[in-house]
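Below: the structure, in structure tokens.
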Amino acid sequence: MKEVTHEYGVDLFWKENLAKQLGGYVDGNYLRIPDIVHRGTHYVLPVDPFRTVFVIDGTYNQPVTFHQHNTKDDFIAVYFNLTERNAMYVLDKVSKTIGRWNYNLAIMDSNLDADYIIQEGDRTYMICIFIAKTVFKNHLGRLPQFKDILDFSFDREKNTFIRFDRMSNEAWWLIDELRRMDMTDPLYDVFLRGTVYALIADYMDHLAVQEVVNEKVNKADMMAIIASQSTLLAQITRPFPGIAALAAKACMSATRYKTLFKKITGLSPKTFFLNNKLTLAKQTLEDGTESIREVAARYSFASASHFSELFKNTYGVAPKEHISYL
């Protein structure tokens, strides 16, 4: 496995080192990487003095571990990751799966170190946006729920920006439109800058209706919550194990556990568990090998009717109707 130690930033000082670590070189906005490592494109564009975007499009021809350690603590990184298989963030040997079919949106403070692991054959399309904290603060300052806590939110001793989430349908369509455009088109840079602004605006729109959780998160906290998510996913066919048991396993009080879980995932533990249970149940139903009643039983729903009610509330159609559309 290839090991790469690198950093990011709004400034472009990091381009040369990253290209060199991957065995390549910088050619204008492109990082030219040898095909033996990655067949495709690495493209970096300064959007404005306060934002930079990095687009990765192609297939990795060998496994790579990226050890990210930023020396500048002045930006927020927003990653839209549509890797076709499952890439992973790793924090002290605790992994978090991310990619098109899992969490595909990550917001991380620049003061957080992380390893990112990509496997041979992984098809990747990723948009990384690096935003100066001063600008990010201005964006949040326009949201009502941040009115009285803005300075607290940007106090590194009291709060950490960290979120693993799923991008909105609007963001997915914006990225899909960009992906269809030829990078050699003279208007590509204009379109890319517009997409960056639209993605940030879309994220702020969705953040406006979410509860704000300000909390300092250290590496041990993050490891515990990520491990807890893995525990929940491993028990996805069983009933929800309960907050008390999950908090005890994470060595936290129930209150702190729920607070940190929601900060990192944007969801309560129970909602996280139910959403993933419904996603897997939907996939099983679409395979066509089990009936609605059998799927409900497999995933420990109280009854087929209860499963159907939750399914319709989430996807807008009943399971029976959904099957008929396939």
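Only helices (runs of 4 or more DSSP H) whose full extent lies in the stretch 174-281 are considered here, and the ones with at least 1 residues that are out of contact with any Lys or Arg (no Cβ under 7 Å at 6 or more places or on another chain), in the same structural domain as Asn104 (by TED's automatic domain parsing) and modelled with pLDDT of 90 or more are 188-207. Inspect all residues belonging to the stretch 10-25 and state whether any of them is surrounded by 16 or more Cβ atoms within 10 Å (Cβ to Cβ), in contact (Cβ under 8 Å) with a residue 24 or more places away in the chain, within 26 Å of Glu177 (Cα to Cα) and among the β-branched types (Val, Ile, Thr). So far as the stretch 10-25 goes, yes, one or more of its residues are surrounded by 16 or more Cβ atoms within 10 Å (Cβ to Cβ), in contact (Cβ under 8 Å) with a residue 24 or more places away in the chain, within 26 Å of Glu177 (Cα to Cα) and among the β-branched types (Val, Ile, Thr). Counting residues in the stretch 22-34 that are touching a helix residue (DSSP H, G or I) at 6+ places or on another chain (Cβ under 6 Å) and within 27 Å of Asn138 (Cα to Cα) gives zero.
The values are calculated or read from the model by the stated rules, or taken from the named source; none is laboratory data. None of the values given here were measured: they were computed from a predicted structure. Positions of Cβ are generated from backbone atoms using ideal geometry, with glycine treated the same way; all protein chains shown enter the neighbour counts.
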